[in-house]
Amino acid sequence: MKPSTKLRLAVLLGLQAPFFVGFSQVANAQDEAAADTMEIEEIISTGTRARARSVEDSPAPVDVLSGDYFADQGDTDLSNLLRTIVPSYNVNTQPISDAATIVRPANLRGLAPDHTLVLINGKRRHRAAVIYWLGNGISNGAQGPDISMIPAIALKRVEDLRDGAAAQYGSDAIAGVMNFILKDDDEGGSMEVKYGEYSEGDGAQTTVAGNIGLPFSSNGFVNASFEYGTTDATDRSVQRDDAAGLIAAGNTAVANPAQIWGSPEITDDMKIWLNMGLNLDDDKEFYAHGNYSKKHVDGGFFFRNPNTRSGVFSADGGESLLIGDLTADGTGNCPTVAITDNVPDPVALAQVFADPNCFSFQELFPGGFTPRFGGDVSDTSLAAGIRGEMDNGLRYDVSASLGQNEVSFFIRNTVNASLGPATPTAFDPGAYTQFERNFNLDFGYSPTDNLNLAFGAEHRLEEFTVRVGQQESFEIGPLAPQGFSVASNGFPGFSNLAGGTFDRRNVGMYFDAEYEATERLLLAAAIRYEDYSDFGTTTNGKIAANFRMTDNLGFRATASTGFKAPTPGQSNAYNVSTEFDTAANELINNGTIPSTSAIAATEGGKALAPEDSTNLTAGVFFNLGGLDVTVDYFNIEVTDRLNLSQNYVLSDEDKERLIAEGITSAASIDNFRFFTNDFDTETKGIDVVATYPLDWESAGSTNLTLAFNTTSTEVTRAGSTVDETRIKQIEEGVPETRWNFTANHSISDWTILARLSYFDSWYDSEDGLSYDGDYIVDTEVAYQWNDSLRLMVGAQNLLDTYPQDNPGAASGVGNAYSQYSPFGFNGAYYYMRLRYEF
C-alpha cells in the first residue's frame with residue numbers, strides 16, 4: 001500500500017509551548033556597516049510565539065548561524081558543514097555501515113540522531129527512511145532526518161536551540177532543535193561553482209549551485225535554489241594479511257587492496273528547493289516551501305576470502321572448500337578439496353571444475369569477492385499554510401505538510417550461495433520508505449503588552465514501508481541443506497514477511513505563556529499533551545526564566561520534561577547485517593528482529609515504549625566592551641532509552657522457528673538482537689561562546705569567535721540486554737571535548753579566514769580501541785573581483801592531519817584509520833569556489 005497523499009484535516013485543541021531561544025553563538029562577521037553604527041539584536045523565530053524576541057531576551061541558548069557560514073566552506077554536505085562550526089555536533093564518514101553509509105547518523109550533544117528535532121521554516125521535517133543498524137553504539141537503531149538533502153545555498157540562517165524542547169514541539173526534541181530558515185529574497189540571486197579534492201588525489205567533488213529570488217505578483221516572493229554535484233570515492237586502506245597471504249601463495253585473482261576503506265561514491269546528487277510567500281491582504285499571508293532531492297550512493301563491504309568465508313567457500317573455517325553436490329539425489333560423489341598453506345588441492349579442485357555435478361564458488365570468484373552496496377535516495381516534501389491576525393488581535397497559523405524519504409537498496413558482486421551456479425551476482429534487496437503527514441493549528445494572543453498566550457494542536461501520521469526485494473535476494477536455494485548460506489550475501493533482501501506498511505497516528509495539544517514580569521525579568525511556561533495510537537499518552541512541561549541584572553549581565557535557566565516516541569520502523573523492521581567480529585577475527589551475520597517476536601521474548605523483548613527525559617539548563621551572558629560571552633550548563637537525564645540489544649546466539653531451534661515465521665535469511669544468521677528500552681543515561685556539559693570584533697583602521701577589521709563544548713554521558717542503569725561494549729560505546733563513542741577558534745579578517749577586497757579546531761579522543765568499537773584526539777586547521781582566502789564576482793580558495797585540514805594509525809589494520813579488515821574519526825580520515829582537502837551574484 002502506498003502512503004496516502006491526501007491531507008486529512010483535523011481540528012484539535014491543546015497545549016504546546018514556545019521555544020525559548022537564547023544568545024547568538026556567532027555574530028554576523030560580515031555586517032560591518034551595522035557594526036559601525038549601532039548594535040543590532042538578532043530576532044529569532046524558533047520557539048517563541050510572542051511577536052518578537054531577541055536572542056538575549058530568551059531563557060534558553062540558541063546559536064543563530066548565518067547562511068554565509070555554510071556557503072563559505074569547501075564541502076557540500078550540510079552535515080559536514082555543521083560539524084565544522086557547531087562543536088556539539090558530530091558526524092562520521094561511515095565507510096562500511098550498511099544503510100548508515102547512505103544516510104549518515106549525526107549526534108548533537110552526545111545523544112542519538114533522532115534526539116534532535118529538525119525544522120524547516122519552523123515546520124517539522126520528516127525523518128529519513130534509513131534505520132542505523134550500525135552506528136558505533138550511540139546511533140544504533142536510531143532513525144533521524146537526512147539534512148544532507150538541504151543545499152547550503154538555500155539557507156538564510158540556521159537557529160540551533162541548545163535545550164530540550166519536547167514539551168514544546170513533541171517527540172524527538174530531547175537534545176535540541178535545529179531550525180533551517182530558507183532564503184526569502186524577492187530579487188537577485190547567485191551562481192556558484194565548486195571543485196575540490198583530497199591531497200591523496202582522490203575524492204574529487206564537483207558542484208554547481210544557484211539561487212534566485214523573484215517577485216510573486218506585487219505582494220509576494222518566490223525563492224528557488226538548486227545544487228547538483230558528484231563526489232568520487234576515496235581509499236585509505238592497507239592490504240589485509242589474509243589477502244596478502246593468498247597472493248603470496250600464488251592466487252593472482254585477489255585484488256590489491258582486497259577491501260577498500262574510504263568515503264563512498266556519490267553521483268546524481270541533486271537538490272531543488274522552493275520557498276514562497278504571498279500577502280493576501282494586510283493581515284493575512286499564504287506561505288509554502290518544498291523540495292525534491294535525490295542521490296546515488298555506492299560503497300564497499302567486507303572481503304570474502306575464497307578459502308575461508310563460511311557458507312560460500314568453506315564450511316570448516318578454511319581446512320577444506322565447501323563443495324556443492326548438484327545432483328537431485330545426492331549421488332555426485334564430489335571430492336574433498338583440502339586447503340594447505342592457503343592453496344586448495346589443485347588436483348581435487350580440477351576434478352570439481354570438470355564435473356558438472358560438483359560446484360565450488362571458486363569457479364566464479366577464484367580471488368574471493370567484496371560486495372558493493374548502496375542505494376538510490378529520493379526525498380520530497382511540501383508544506384503550506386495561511387497565517388494572519390483577526391480584528392480582535394487573535395493570531396493564527398493553519399498549516400499542513402507532507403514528507404517522504406525513500407531508499408532503494410542495491411548490492412552487487414555477491415551471491416546467494418544456496419542457489420549455487422544459478423545465483424545472480426547483483427540483487428535488488430528492496431526498499432525502505434518513510435512517509436509523514438502533519439496538520440497544525442496554532443493561535444496566539446497578547447491580552448496586555450507584557451503577556452503572550454499561545455495554544456494549538458497537531459495531528460501527525462507516520463508510515464514506514466518495507467518493499468519486498470527480488471525473490472533471489474531472500475530465497476532458500478537447493479544447496480542450503482549442504483551448508484551454503486541463503487539470501488544475498490552481505491545484505492539479505494526483505495522477504496514477504498518483512499514487507500508491508502506500518503503506521504501510527506498521534507494527536508498533540510499545547511498551551512504556553514510568556515510574561516514580562518518587569519523590564520528585566522521574563523518568565524515562561526509550557527505544557528503539551530500527546531496521544532499515540534500505539535502506546536498511549538504522555539504529558540510534558542517546561543518552565544523558564546531570563547533575568548537581566550544589568551544592561552551587560554544576565555542569567556537564564558530552564559527546566560523541562562520530554563519524550564521520544566519509537567518510530568513505526570523501529571517497532572517493525574527486520575534486518576541482517578554482516579559485521580566483523582574482532583574477537584573471532586571473522587565475519588558474522590547479525591539479525592535484527594522486532595522486539596515482540598517470540599524469539600526476542602525469550603531474552604526479555606517486549607513492545608517498545610517512549611523514552612522520557614528531564615532537561616535542566618543554567619547560563620550567564622555578559623558583555624565587556626566589544627567582547628560578548630555566554631556560558632551555559634546543561635543536564636539531560638533520559639530513562640528507558642531506545643537502542644539495539646546486545647547480540648544473542650541463535651540456536652538451530654531458533655533458526656527453524658524464524659524460518660517458519662517467514663524470515664528465510666535466518667538460516668545464515670549467527671546472532672540476533674532487537675530494540676529495547678533497557679538503559680538510562682545522564683548527559684551533562686558546558687557550552688561557552690565568545691565573540692570579539694577588532695578594528696585595525698586602515699588595516700581592516702577582524703572578528704574573533706570561540707565556540708567550546710564539553711559533554712559527558714554516563715549510563716546510570718543498564719538492563720540485562722545491554723553489555724559492557726555497548727555501555728563503552730555510548731559513554732565514549734564521540735569526543736567529550738570539542739572547540740574551535742575562528743578569525744575572519746577583511747581588508748579592502750580581501751577576506752582571510754583561519755580556524756583552529758580541537759577534537760577529543762573517542763572509542764571505536766569495530767577496532768576495540770580508544771584513539772587520541774587532534775587539532776585541525778582550516779583556511780580560506782577570498783577576493784572580491786567586482787560587485788558581482790568573488791573567487792575563494794581554501795583548505796580543510798590544511799596540515800593534512802590523519803587520525804592515529806590503526807595498529808590492527810593489516811591483521812584485521814584493512815582500515816588504516818578509525819572509521820569513526822570525528823574529523824574524518826581522508827586528510828587535507830583543497831578547494832576553489834567561484835561565485836557570481838546578480
What does the highest-first list of 705-711, 307-313 look like by mean Cβ count within 10 Å?
307-313, 705-711
Can you spot the aspartates and glutamates whose alpha carbon is less than 15 Å from Lys728's alpha carbon? Ignore those fewer than 8 places along the same chain.
Asp680, Glu682, Glu714, Glu736, Asp764, Glu766, Asp767
Return the distance in nm (one decimal) between the two label points of a simple spin-label model at Asp235 and Leu624, each offset 7 Å from Cα along Cα→Cβ.
5.4
Note the full-extension length gain between Phe838 and Lys728 as 0.36 nm times their separation in residues minus their Cα-Cα distance, in nm to one decimal.
34.3 nm
Hey, with R₀ at 22 Å, roughly what FRET efficiency would Asp202 and Lys294 work out to, going by the Cβ-Cβ distance, to 0.05?
0.40
Within the accessible area of the stretch 440-584 (1.4 Å probe), percent carbon and sulfur
56
From the square roots a ≥ b ≥ c of the eigenvalues of the alpha-carbon gyration tensor of the stretch 537-651, which class results: rounded (a/c under 1.5), prolate (a/b over b/c), or oblate?
prolate
Please sort by residue number the trypsin sites (Lys or Arg not before Pro) in the stretch 320-409 whose DSSP state is loop and whose Cβ has at most 15 other Cβ atoms within 10 Å.
none
Relative contact order for the chain: what percent, with Cα pairs under 8 Å and sequence separation of 6 or more?
13
Packing-based order for 443-454, 410-421, using average beta carbon neighbours within 10 Å, highest first:
410-421, 443-454
Find how much the distance from Tyr783 to Ala328 grows on full extension, using 0.36 nm per residue of separation minus their present alpha carbon separation; answer in nm with one decimal.
156.3 nm
Share of accessible surface on carbon and sulfur in the stretch 599-715, whole %, 1.4 Å probe and ligands ignored, is 54
What is the gain in length, in nm to one decimal, between Leu364 and Lys606 on full extension, counting 0.36 nm per residue of separation less the C-alpha to C-alpha distance?
82.7 nm
Indicate the gyration tensor shape class of the stretch 198-331 (rounded, prolate or oblate), computed on the Cα atoms with a ≥ b ≥ c the square roots of the eigenvalues: a/c under 1.5 is rounded; otherwise a/b larger than b/c is prolate and the rest oblate.
prolate
Label 7 Å along Cα→Cβ of Thr596; the stretch 488-508 residues with amide nitrogen under 17 Å?
497-506
With every protein chain kept in place and ligands, DNA and RNA left out, what is the accessible area per residue of the stretch 235-328? Probe 1.4 Å, answer in Å².
39
If packing is taken as the mean number of other Cβ atoms within 10 Å per residue, what is the order of 98-111, 782-795, 552-565, highest first?
98-111, 552-565, 782-795
How much area per residue is accessible in the stretch 367-499 when the probe is 1.4 Å and only protein heavy atoms are counted (Å²)?
32
Nearest 0.05, what FRET efficiency do Arg717 and Ala255 give at R0 = 45 Å with Cβ-Cβ as r?
0.45
Isotropic mean projected area of the C-alpha convex hull, the chain (nm²)
34.6
Return the lysines within reach of Lys655: Cα separation strictly under 24 angstrom, same-chain partners fewer than 8 residues apart disregarded; answer none if there are no such residues.
Lys606
Measuring from label point to label point, each 7 Å out along Cα→Cβ, what is the Tyr830 to Tyr228 span in nm?
2.9
Leaving out ligands and nucleic acids, and using a 1.4 Å probe, what accessible area per residue does the stretch 168-219 come to in Å²?
38
At a 1.4 Å probe radius, carbon and sulfur cover how many percent of the accessible area of the stretch 186-261?
56
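The values are calculated or read from the model by the stated rules, or taken from the named source; none is laboratory data. Note that the structure is predicted; figures quoted are calculated from it, not measured. Every residue, glycine as well, gets a Cβ built from its backbone with ideal geometry; the counts of neighbours run over all protein chains shown. To get the accessible areas, we keep the full protein, side chains included, count just its heavy atoms, and leave off ligands, DNA and RNA. Shrake-Rupley method; radii C 1.70, N 1.55, O 1.52, S 1.80 Å.
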